[in-house]
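Values in this text are rule-based calculations from the coordinates and carry no lab data. Worth saying up front: this structure is predicted, and the values here are computed from it rather than measured. Cβ coordinates were reconstructed from backbone atoms using ideal geometry, including for glycine residues, and neighbour counts include every protein chain displayed.
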Amino acid sequence: MILTVHNFLLDPEAERSAALKARYKKVKRNGVGYRGICRTKDDPSLFKISILLKKTVDRESVVMWRRYKENEESETYIHTDSDIADYTGILYLTKPSECQGGTAFWTHKETNWAFHPTKKELADHGLDDNAETFHRLYLEGFKDEAWKMNYYCPMEFNKLILFPSGMFHSRFPKKSFGTELGNCRLIKVFFVRCLN
């Protein structure tokens, strides 16, 4: 379910260098503002991901560099990406000497959901498929005590993790690190849409 690929890029230093030169901004989506975003293109990586998934990947899938610094307010924590993609890829670009933490995968204790709930799962818990329900889940995503960690993937330079976007996940630990772009959590994110 979670695919890990070490040494994903042939020239990760060139990728990191490009990410360090990029201009990052705040992007608003579904009423939430996400800082530290720079959209980009990466057809060669999407092609490699297509081979890994054994699926045809939409070349218009969303690809971005993302940076997280310490002492910045978090826009989200435990969440899914099911509204934007079929699969999520995270490529770690933090230099080896600065790598801290990684990515965690979670189950919601009250409902036992490890994935974004279906309409039936919502109904089984007496919940409506509406914005109010998902706003509640969004808020619960900030409460560690509401979740059980299933799996933890440590950060490693040039490692790609690829997983179904409906899985509840987060950076881990919650507090990020680094005071500047050169020493913070730096990743490339692939929000992959499949055509088959």
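Side notes on the structure shown:
- Residues whose amide H falls under 5 Å from that of residue 62, counting only those 5 or more places apart or on a different chain, are 191, 193, with hydrogens built in the peptide plane.
- Degrees, to the nearest 10: 131-140 long Cα axis against longest axis of the chain: 60 degrees
- Pairs over the 19 Å Cα-Cα cut-off, from the set 69/148; 48/188; 28/120; 25/188; 21/188; 26/188: 69/148; 28/120.
- Residues whose amide H falls under 5 Å from that of residue 167, counting only those 5 or more places apart or on a different chain, are 81, 116, with hydrogens built in the peptide plane.
- Difference of contour (0.36 nm per residue) and Cα-Cα distance, residue 144 to residue 131: 2.5 nm
- In region 3-192, taking the dipole from charged Cβ atoms about the Cα centre, the farthest positive-side position among 68, 112, 80 is held by 68.
- Options (i) 0.95; (ii) 0.98; (iii) 1.02 - which one matches Rg/Rh (Cα atoms, Kirkwood Rh) as calculated here: (i)
- This model, with +1 at the C-beta of Lys and Arg and -1 at the C-beta of Asp and Glu, gives the chain a dipole about its Cα centre of some 580 debye.
- Sorting 161-174, 111-124 by average packing, meaning the other beta carbons within 10 Å per residue, from highest down gives 161-174, 111-124.
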